[in-house]
Amino acid sequence: MHFSKSREPREYQNRRLDALAEPPEVGHELFVGLSALRDTLSSRHHSRDFTFAHARYLRSRVLALGLIFALLSPLWIVVDSLVLPTELLRYTLLGRVVLLLGLVGVLALAYFSRERIGRIRFSAGMLLALPAGFYLLVLSMLPPEQVHSLVGYGFIPFLLVAALSVFPFTLLESLAAGLAMLGLLAFSQTVDGSWLTGRGVENFWLLSSLLVVSLAANHFQLSLLLRLYRQATHDPLTGLFNRGALEVHLEKIQAWQRETEGQDSLGHVPCSLLMLDLDHFKRINDSYGHSVGDGVLCQFAELLVRQTRRHDCVARYGGEEFVIILVGSGPARALEVAERIRFAVEKTEFRGHDDEPIPVTTSIGVTRLEQDEPPREALRRADEALYRAKREGRNQVISAMGPASP
C-alpha cells in the first residue's frame, strides 16, 4: 500500500516532465511521404517547442484577420441600410453590434495571450464561429417570406472557408471547420428553399471544392512552417537541437520551474546540465577524414539520445561539444548519468566507412541550472568543468559548483 502511494506522484511527475520536453528523433524526416501528412493532419506529434512557435504564428494571423473583420463589420451596417428593406434592418442591426463586440473581444484575447496556446487556439476558432453564428441567428429569426430579400449574406460560408487557408491549421481542424460551414450552407438552403435544386447543388459543390483548396493550402503552409522551424532550431548533421534552440529551451524550463515552485504535485523541480566534448576529436578527423568524423558525431548523438529519458533534451552546442538537459535530476543524479554516459562511450565501438573501429572517449562537465540565473551562466559553469576534466586527463566527469551566493 505504501509502495502504490509513493509510486503515483512519481508517475504523475514523469508525465508532467514528458509534456515539457521531447528529444528530437535522430534521422527523422518530417517532410517525406506519409510523415509529412502525419505532421499536418494533427498536432499530436508536434514537439512542445514547435507548438509554442506555431501558436505565435497563429496569433499573428488571428490579429490580422480579426482586425479586418472588425473594420468591415461597421461598414456592412451601411451596406445593409442601403440594400435591405427597412423591416429587415431590426433583425440585422443588433446582430451586427454583437458581432462587432465579439470580434473586439477576440482581438483582445489574442493580443494578451502571447504564450497561452489554448487561448490562442480558442480565439482563432471564435474568429470563424462569430460570423457563422451571426448568419445562423439571422436565418433563424428572419420570417420565411423575407429570406429572399436578404442580400449579401449567402457568401459568408464561402468567405469563412476561404479564410481557413490563411491560418496554419492542421487538416483535422480545418476539416471540422469546413464541415460546419457546409452544414451552415445546407441550413440556409433549407430556409430559402434551394436545397437539392440546381442552384443549391452548384453552391454546395463550389463550397466543397473551396474547402479542398483550403485544406491543401493548410497542408503546404504547415509543412513549410515545420520545415523552417526545424531548419532554424535543429542541427542538420545530427538532428539535435542547435545552440540557439537550446538557450530558448533552457529559459522555458526555468519559467516552468518557477511555475511549479510550491505546488504540492511537483514542488521544486531540479534541473542539471551536462556539457560533453569528444576527446582528441581533431585526431579522428586528421586520421580518418572529416566524413568519418561526421559519422562519429552522429553515432555519438544517437548514443546520447539512447542514454537519456524522453523528457530530457540533447543538443549540439557546437563542433564536437554537446549539452544534455536533465529535467528533474539533482546534482547527485546528474553525476550518475554523466558517469554512465562516459562509460557507455568508452565501451561503444564507433565505426568508420570501412567498418574499422575508432576509439572514442568523452569528457563531461556537470552543473545545476538555477531557476533565477541566466542560462548562459549555467552553460559557462558546465563549460569550465568540462575543460577542467580535459586538463586533468580527459575521459572523466567533473562537477561545477553552483552560482556563488551574494
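Every number here is computed from the coordinates shown, using simple stated rules; none is lab data. Quantities reported herein were computed from a predicted structural model and do not represent experimental measurements. All Cβ positions, even for glycine, are placed from backbone atoms using ideal geometry, and neighbour counts span all protein chains on display.
Couple of notes before you dig in:
- Calculated from backbone phi, Karplus (6.51, -1.76, 1.60) coupling profile of the range 119-135 in Hz, x at Gly/Pro: 5, 5, 5, 5, 5, 5, x, 5, 4, 8, 6, 4, x, 5, x, 4, 5
- Theoretical FRET efficiency, 1/(1+(r/R0)^6), r = Cβ-Cβ of R309 and V212, R0 51 Å, to 0.05: 0.75
- Residue order, fewest to most beta carbons within 10 Å, for D312, D286, D354: D354, D286, D312
- Taking each residue as 0.36 nm, the span from S291 to V83 lengthens on full extension beyond its C-alpha to C-alpha distance by 67.6 nm.
- Cα gyration tensor, the range 180-283 - rounded (a/c under 1.5), prolate or oblate: oblate
- Qualifying GluC sites (Glu not before Pro) in the range 80-150, DSSP loop, other Cβ atoms within 10 Å at most 15: E115
- Mean ellipticity per residue at 222 nm, deg cm²/dmol - from DSSP H runs of n ≥ 4 across the chain, formula -39500 (n - 2.57): -22000 deg cm²/dmol
- Given the chain, longest segment not containing exposed loop chymotrypsin sites (Phe, Trp or Tyr not before Pro) (DSSP; at most 12 other Cβ within 10 Å): 156-406
- Rg and Dmax of the range 34-233, Cα atoms only, in Å: 18.3, 60
- With both labels modelled 7 Å from their Cα along Cα-to-Cβ, the E346 to A176 distance reads 5.3 nm.
- Centre-to-centre separation between the Cα atoms of the range 189-233 and those of the range 281-296: 51 Å.
- L137-C298 pseudo-label distance in nm [points 7 Å out on the Cα-to-Cβ vector]: 5.9
- Given R0 = 41 Å, the distance between the Cβ atoms of L67 and L196 translates into a calculated FRET efficiency of 0.60.
- Euclidean distance between Cα centres, the range 96-117 to the range 365-404, Å: 46
- For the range 154-160, 3J(HN,Hα) computed residue by residue from phi via the Karplus equation (6.51, -1.76, 1.60; θ = phi - 60°) reads x, 7, 4, x, 5, 4, 6 Hz, glycine and proline entered as x.
- Cβ-derived FRET efficiency at R0 56 Å, E373 paired with A186, nearest 0.05: 0.40
- Cβ crowding within 10 Å, taken as a proxy for footprinting-reagent exposure, orders K390, K282 from fewest neighbours to most as K282, K390.
- With only the Cα atoms considered, the chain has a convex hull volume of 202 Å³ per residue.
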